[in-house]
Each structure stands twice: as structure tokens, then as C-alpha cells.
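So that we are looking at the same thing, I have put the structure below in C-alpha cells.
The values are calculated or read from the model by the stated rules, or taken from the named source; none is laboratory data. Small disclaimer: the values here were computed from a predicted structure and weren't measured. Don't worry about glycine lacking a Cβ; one is built from the backbone with ideal geometry, like all the others, and counts go over all protein chains shown. Only protein heavy atoms, including side chains, enter the accessible area calculation; ligands, DNA and RNA are left aside. Shrake-Rupley method; radii C 1.70, N 1.55, O 1.52, S 1.80 Å.
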Amino acid sequence: MISVQRSAISFRRSCGSLALLLAIGVALLLPACRTQAQGVEPNATPSEDQQEADSARKEIVSSLQDLQRRYGRDAVMMEGHLLGHAVRGGSIVDAAISLPGVEERGGKRFLVFKLDTGIIYNDREVGAASRPTRVWNDIVEVSLRKFRALSFQADGVAFLLGYAHKEYADEAELRAHLHDSPGTTEAAAFYLLISDVTELVNNRISSQQLLDRATVLIDGTPTRLVLEAPAP
């Protein structure tokens, strides 16, 4: 599992490589974060923060290399996209991505990606029907559209996304009460055939048509998601 905490994100931004570490090129093209402090001698002993950052980077690279050996480059790229979009989508607590393996469902084999988004939706702004469509639009679909085709040894791909929701006035209030009241958890699962995903990313079907062909579960209950029509 690759877990991203707020402190780690702060470090990556300071190195100017958040996009590289979270997005696709992370996989095996990940460059080392270079020390940017001025006046540091080349042979100077790395600071504790630098050592911790380098250790975290090496751990991530090792995990991604192992993932590529087992499931291929597209799996690494997909993990990077999903995690990056979760962070950009407003994760408040830790965001974590993992690949549990292959699940058989309805006679088909699905490569499963599990993402704890770290997002806590505000019940004042995002209703129950909108939460699953929000994670679909902001995380899943945008990740899928980074590909022209998916190369997985499976019939389909599944995305299991966890998030939470509660009512709060603003982010400051939310953070102030995170420990005692983190919100109600919810899970959305999307099971998609790779052939249908290929149709989507090549603009032969719409996102709504893809969802209509897919199996969608909200907290384990089959659900039909209806996306809002695009503005004219």
C-alpha cells in the first residue's frame, strides 16, 4: 500500500515534485528530490528531514517497481492517477491506494484498485446522490481518460473508493473536530469491463453509457448513477 499523509505532501511540494510522485510518471521515471537549500555543501550530512524524505521516496519507488512486475506498467500509472486526483480532489485525512489483486465477479475477472480518498464531503454542499457521482467524475473518470487503452491481464477493472461525509461550516471547523467526529464513512464500487472503458476513452460512448453498462455498488447496494447533463 502507498499511503500519502499531509506532511508527505508538504515535503513533495517543497521539492517541486508532487506531480511526479503522485502522478503517472512516478512509476519508474521518478526522479530523486534534489536538495534545494542554498549554501549546503555537496558532502554535507543530510538533515533529518532530508533523510526521512529520501527513505519515503525509496519505499514508494520499491513498492511501485514490485507492482509493475506483478501487474504491469498500466497498473502503476493507474495508482498514481487515482491517488493524485484524490489529493487534488480535497483529501483532508490520509489518502491511501492499494491493489488487492484480481476479483472474479459474474464470470469475469476484475483487477481491483482500492482507494481511501481521505475526502470528507460537506453535507451542506454535497447530497447523498451527488457523493458517488463526485468521486466518479473527479477521480475515476479523469484517471481513465489518461489512457487510450488499458493493458491488464483481466476482463475488467474495479475501483473501490472510500470517503466520508458530515455537516460542517468550513474546513477549519472540520479539522478542529476530526479526532472526535470524522464523519460517516461510505464506499462506492465501480466494476467496468475493459472493452467498455476503451469505448469511453476513444469517445465512442459517454460516461453515462459506461456507468449504465457497469456494476455500481454504494455501500454494497446495486445503484444506478445518473450524471448531470453537461452545460450547453
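Once you keep just the Cα pairs under 8 angstrom separated by 6 or more residues, what percentage relative contact order results for the range 159-232? Intermediate results must be reported in sequence, preceding the final value.
Working: 77 pairs, mean separation 21.2, N = 74.
Once normalised by length, the contact order is 29 percent.
On the Cα set of the range 53-116, report Rg and Dmax in Å, please.
Every Cα atom of the range 53-116 included, Rg and Dmax give 13.2, 44 Å.
So what's the convex hull volume per residue for the Cα atoms of the range 117-197, in Å³?
102 Å³
Can you pull the Kirkwood radius for the range 71-213, inverse mean 1/r over Cα pairs, to one decimal in Å?
Value: 15.8 Å, from the Cα pair sum.
Can you give the net charge of the other residues whose Cβ lies under 13 Å from the Cβ of residue 110, counting K and R as +1 and D and E as -1?
Numbers: positive: 105, 108, 109, 114; negative: 103, 104, 155, 196.
Net charge around residue 110: 0.
When all protein chains stay in place, what accessible area (Å², nearest 10, 1.4 Å probe) is found for residue 114?
Surface open to solvent at residue 114 totals about 100 Å².
Here's another thing I want to ask about it. Of the listed peptides 135-144, 203-212, 219-228, what is their order by residue-averaged count of other C-beta atoms within 10 Å, with the highest listed first? Don't skip to the answer; put the middle values down first.
Values: 135-144: 21.3, 203-212: 15.3, 219-228: 11.2.
Taking the mean over residues of other Cβ atoms within 10 Å, the ranking is 135-144, 203-212, 219-228.
In a shell of Cβ-Cβ distance under 10 Å around residue 186, excluding residue 186 itself, what net charge do Lys and Arg (+1) and Asp and Glu (-1) give? Spell out each step's value before the answer.
On the way: positive: 131; negative: 219.
So the surrounding residues net to 0.
Could you provide, to the nearest whole Å², the per residue accessible area of the range 124-216 with probe 1.4 Å?
Values: 4500 Å² over 93 residues.
With the other protein chains kept in place, the range 124-216 gives 48 Å² per residue.
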